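Read through the structure below, which is laid out as structure tokens, and then see the notes.
The values are calculated or read from the model by the stated rules, or taken from the named source; none is laboratory data. Being a predicted model, the structure only gives us computed values, none of them experimental. Cβ placement follows ideal geometry from the backbone for every residue including glycine, while neighbour counts extend to all protein chains displayed. SASA here: full protein model, heavy atoms, side chains in, ligands and nucleic acids out. Shrake-Rupley method; radii C 1.70, N 1.55, O 1.52, S 1.80 Å.
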Amino acid sequence: MKRLSKKQMWIFAIGQLGWSTLSGIISAWFVTFYLPTEADIVEGGAIQYIVPGLVIGGFLTVLGLVTALSRVFDAVSDPLIASLSDRSKNKRGRRIPFMQYAAIPLSVVTVLLFCAPKSEISGWNIVWISVFIVLFYLFMTMYCTPYNALISEFGKTQDDRMFISTAISLTYFAGTLLAYTPFVLAGLLRGSVGFAWSYRICFIVLAVIAAVCMLLPTFLIKEKEFVDTEPSNANMFKSLAATFKNKDFRTFACSDLMYWVGLTLFQTGLPFFVKVSMNISEAFTMYFLGGMTVLSAAFYPIVSKLVKKFGKKKLTIAGFLGLALAYVIATLIGVLGTAENPGLLGIGAIPGVVFGVLICVIAAFPMALLGIIPQSIVADVAEADGVDTGENREGMYFAARTFAMKFGQSLAMVLFTSLAIIGTTQNTDSNDITASTLGMTIVGAVAVAFCILGAVILLFYNEKKVMKTIAKDETPASATPEVEVDDE
């Protein structure tokens, strides 16, 4: 079978730019749009579409409940779509048709999610949001699960898998940053079209761009020319059980879960670390995030070289520990204080911006490692399992990894909203989360703990065995020298 050229690998990576843009829109703007702050309502003309505040059990919003229920559906759809894709006998391939059918509906649903029918608090708006958030996750799964499975199938060699993982990591960051452009563009439009439409216009433009990006690889890459695998015969439950029966995958998935909890705690808390712990302008959130992303991308070219020398396991553990160190700095902000905020000990002297820059510099390299290598590890485990069992279940492996990611993100959101308000009084009638210096210090410490736990769990991953299994199946024409990994 043919190997993808570097150009074709970049075309494939453009698909990730598309779906990460849409995912970024939901992550960055869903809560902001439907739970506007008092300042947004009074100064920006925002509309309240649903009942605000922590009105369900005193700790959950209506929007939080809707999101939680949609995630339950999402957890079921992940292995279902993976099984359907693994078993597909479509003449154009097992993956590309799913991606092609999902791209436009996913883009349309993303926009419609922000078009609630009533310009006031209404139960119809809750129904609308509930339906379209479920559809969003359904079509996202239909695109992403087959897409991720192709990382293993297109990656004929270790070099190919690392190049693809690097490319899609870069396009993921690019798509996420693209999703943040309404921070600037919506403000420019607001005086002419109002609060709601200033965002909707941005989302429409971004959705069109995303749809084109997602469709490009489905038309420009013919799957059957590069992938020759027999469809899996196992049903969904047997396939899922067989996936988690793999000890090395279970180890990786548990470690990966710790990573997503720690990462999401920090990403969610970044604006609060800036506003509360550092006590500086919220605008620095974008400066820090953008600077960290650019610096992280600068390290990407050397990651593949380091993998050949040290192996993926050691570098991933190093990434965990490096990220933990960055979170330690964030934790110390609240303890030591800054020039703008005396902190818990009342000895603040260093400007908050200095702490922010230090965090970005320390976190950039670990983010590069953890942005590239884990995807490649899943591809390795899936390929090795295929060699051992003769079953091609790449879709199920990446669906299981996606489930770990979503579960970790959801757990982090619950932890954050519970921990951040320790030490202060939460107004249950308000949309605004009132975080405290003590609460953010605890959030940082918990993020450190999860990163360290992730590193410890990954010590039990047997990389040497996985790589030897893959090496047995490689032909001389496609084989590349494998890194010698010491698992002792």
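Okay, here's what the table says:
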read-out	value
Ordering of 159-170, 402-413 by packing [mean C-beta count within 10 Å, highest first]	159-170, 402-413
Kirkwood-based Rg to Rh ratio, region 1-157, C-alpha trace	1.07
Over 25 Å (Cα to Cα) - which of Lys6/Lys89; Lys2/Lys468; Lys6/Lys309; Lys224/Lys308 fall in this group	Lys6/Lys89; Lys224/Lys308
Over 19 Å [Cα-Cα, region 286-374], rounded percent	46
Translational diffusion of region 226-323, µm² s⁻¹ [Kirkwood Rh, Cα pairs; Stokes-Einstein; 10 °C; 1.306 mPa s]	92
Overall Cα dimensions of region 97-221 - principal axes, largest extent first, Å	55, 30, 21
Semi-axes of the equivalent ellipsoid for the chain, Cα gyration tensor, largest first, Å	37, 28, 20
The chain - accessible surface per residue (Å², probe 1.4 Å)	41
Using alpha-carbon coordinates, inclination of helix 437-458 to the longest axis of the chain, degrees	10
Low-density loop cleavage sites - trypsin sites (Lys or Arg not before Pro) in region 217-269, where at most 16 other Cβ are within 10 Å (DSSP)	Lys222
C-alpha long axis of helix 6-34 to longest principal axis of the chain, angle in °	30
MRE, 222 nm, helices only [DSSP H, n ≥ 4, -39500 (n - 2.57), over the chain, to nearest 500]	-26000 deg cm²/dmol
Pairwise FRET efficiency - Phe460 versus Val193, Cβ, R0 = 51 Å, nearest 0.05	0.40
Efficiency of FRET between Arg92 and Ser5 - r from beta-carbon atoms, R0 22 angstrom, step 0.05	0.65
Percent accessible area from carbon and sulfur atoms, the chain, protein chains only, probe 1.4 Å	68
Enclosed volume per residue, in Å³, of the convex hull spanned by Cα atoms of region 297-443	149
Cβ-placed point charges (K, R +1; D, E -1), dipole of the chain about Cα centre in debye, nearest 20	1060
Between 0 and 90°, nearest 10: helix 247-272 axis offset from the chain longest Cα axis	30
Kirkwood-Stokes translational diffusion coefficient of region 133-197, alpha-carbon pairs, 20 °C, 1.002 mPa s, µm²/s	146
